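Below is one structure, written out as structure tokens; comments come after it.
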Amino acid sequence: MAKKVYTKEEWEKKLKEVKIDRKNINELIMNYLIVEGYKDAAEKFQKESGTNPGIDLESIKERMAIRLAIQSGNIEGGIEKVNDLNPEILETNPDLIFHLKQQHLIELIREGDIDKALKFAQEKLAPQGEANSNFLEDLEKTMSLLAFEDHTKSPVSSLLDHSQRQKTASEVNAAILILQSQEKEPKLTTLLKLLQWAQQQASLKATFPQLTTSGRFQNNTSGPSPSTPSSSTAAPPSPSASSSSSFVVNPVSPAFY
């Protein structure tokens, strides 16, 4: 049976028929701002939309200070702030403390302090690597940056990207939220994962312009991609499922509001 084919105009018309409560959208946005630690943006959005954040926004301050320290490369400062907030966060999470130490090693390599980087790797990271093969693999990958005088030429040069700091900061943020019995991932991120899954399932029966994570249409003229589940009964992603895609909402974009 041939697939039903929708033009962009036809599909947009069908989407416009779906009624969404603005209050629900505002709550999704507020949830994203709170989970990600954007206190100032959350306060501004509360005033402009009248959305109740459900928590004291002042409580975001400490998480935000930790995130900013890590994203700026001040890993030792970030660790100190985490311990000031609650030492249990790191004491109960060996993966997290390793990744923070790994990020500190990356910062030492970025600064060109090779002697200090080698000493830090040997004293602080090697013992964990000996006890955990995954840690050892990550340590070897990080140390391979030193094989290139120009670190940007290394096959693992992405470790020096700002996105690596962001990844580490997000891991810390999630650990704090879990210990505080809060959601570790914004509801918006989960919905975007579900959108991808739903579009993959729908593309088995129809051809239509698919929405990308940036909110733009991408024509699906060749059917499902090789990664699309072959069965329409494939399970949707769970809220905690990891995804290879990164969903990022820019809270300072005028379009965000």
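Some values worked out for this structure:
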{"read-out": "Carbon and sulfur %, accessible surface of the stretch 1-61 computed with the full protein complex present, 1.4 Å", "value": "53 percent"}
{"read-out": "Accessible solvent surface per residue of the stretch 7-145, calculated while the other protein chains remain in place, 1.4 angstrom probe, Å²", "value": "57 Å²"}
{"read-out": "Residues Leu68 and Ile178, FRET efficiency given R0 of 25 Å [Cβ-Cβ distance, rounded to 0.05]", "value": "0.80"}
{"read-out": "Linear extension gain, Ser163 paired with Val5, 0.36 nm per residue minus alpha-carbon span", "value": "53.0 nm"}
{"read-out": "Whichever lysines have a C-alpha closer than 24 Å to that of Lys184, once near sequence neighbours (fewer than 8 apart) are set aside", "value": "Lys23, Lys39, Lys44, Lys61, Lys81, Lys101, Lys167, Lys193"}
{"read-out": "Fully extended contour minus Cα-Cα distance, from Lys16 to Glu149, at 0.36 nm per residue", "value": "42.4 nm"}
{"read-out": "Carbon/sulfur fraction of accessible area - the stretch 73-219, other protein chains in place, 1.4 Å, %", "value": "49 percent"}
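The values are calculated or read from the model by the stated rules, or taken from the named source; none is laboratory data. What you see is a predicted model; the values in this text were computed from it and never measured. Cβ sites come from the backbone with ideal geometry, for glycine too, and all protein chains shown count toward neighbours. We work out accessible area using only protein heavy atoms, side chains counted, and drop any ligands, DNA or RNA first. Shrake-Rupley method; radii C 1.70, N 1.55, O 1.52, S 1.80 Å.
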